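The structure under discussion appears below in the form of structure tokens.
The values are calculated or read from the model by the stated rules, or taken from the named source; none is laboratory data. Fair warning: this is a prediction, and the values are worked out from it, not measured in the lab. Virtual Cβ from ideal backbone geometry, glycine too; neighbours counted across all protein chains shown.
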């Protein structure tokens with residue numbers, strides 16, 4: 001596996017489009033559910049153990065060679081909100097563009113042809129990690145980190161939160177990221193024998209509802 005490639009992929013400057021998305025933080029801030037570092041930590045922990053865990057398992061399974069078309073259908077089934085499905089595909093399309101320029105791969109080319117409007121971002125992430133010579137653990141770590149770093153970065157802009165406080169939130173969550181990533185890889189390995197039904201389906205109903213409300217706003221800072 002390539003640790004250098006992992007650093008490139010996890011770098012916030014990698015042009016994968018995540019900077020335009022808040023991971024639900026914008027709606028949570030407006031609703032008064034995120035008001036500072038403590039509530040941001042609660043919000044990120046909730047994302048980590050639901051959507052983050054699902055994304056990590058999907059990405060790890062893609063690295064292990066599970067059919068990405070089946071994984072994309074599984075991701076769709078685990079994302080009830082049309083707004084969030086659309087956001088996941090936009091992010092997948094942008095990640096695909098950046099990855100094909102960085103790590104050319106016939107598997108990425110095939111996925112791009114199969115999903116011209118974009119596959120779900122965690123599925124693309126897994127194939128990108130595979131193309132870059134990474135393993136399932138690397139992909140899982142990227143997924144769980146993205147699940148919390150995006151909202152943390154967005155909240156700095158939304159609330160003028162001290163960046164040191166936001167970084168402290170991520171540091172305190174680090175042990176949980178380790179556990180969720182490790183568990184996601186174990187589940188992904190079971191998919192090889194049991195099929196995509198073995199993937200986690202952690203629900204986050206409030207995130208789904210908030211995403212639909214957010215998508216209807218006439219003016220917003222973030223795409224999701």
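Select from the range 94-111 the residues that are closer than 11 Å to residue 123 by Cα and touching a residue at least 24 places away in the same chain (Cβ under 8 Å) and write down the one among them that is surrounded by the most Cβ atoms within 10 Å (Cβ to Cβ).
Filtering the range 94-111 for residues that are closer than 11 Å to residue 123 by Cα and touching a residue at least 24 places away in the same chain (Cβ under 8 Å), the one surrounded by the most Cβ atoms within 10 Å (Cβ to Cβ) comes out as 95.
Looking at the structure I just gave you, is residue 178 under 16 Å from the mean Cα position of the chain (by Cα), in a helix (DSSP H, G or I), surrounded by fewer than 16 Cβ atoms within 10 Å (Cβ to Cβ) and at pLDDT 95 or above?
Working: under 16 Å from the mean Cα position of the chain (by Cα): yes; in a helix (DSSP H, G or I): yes; surrounded by fewer than 16 Cβ atoms within 10 Å (Cβ to Cβ): yes; at pLDDT 95 or above: yes.
Spelling it out, residue 178 is indeed under 16 Å from the mean Cα position of the chain (by Cα), in a helix (DSSP H, G or I), surrounded by fewer than 16 Cβ atoms within 10 Å (Cβ to Cβ) and at pLDDT 95 or above.
Suppose we keep only residues that are buried (at least 16 other Cβ atoms within 10 Å of the Cβ), touching a helix residue (DSSP H, G or I) at 6+ places or on another chain (Cβ under 6 Å) and closer than 11 Å to residue 81 by Cα within the range 191-214. Which one would you say is modelled with the lowest pLDDT?
Only one residue fits best here, namely 204.
Out of everything in the range 3-23 that is touching a helix residue (DSSP H, G or I) at 6+ places or on another chain (Cβ under 8 Å) and not in a helix (DSSP H, G or I), what residue ends up being surrounded by the fewest Cβ atoms within 10 Å (Cβ to Cβ)?
By that ranking, first place goes to 12.
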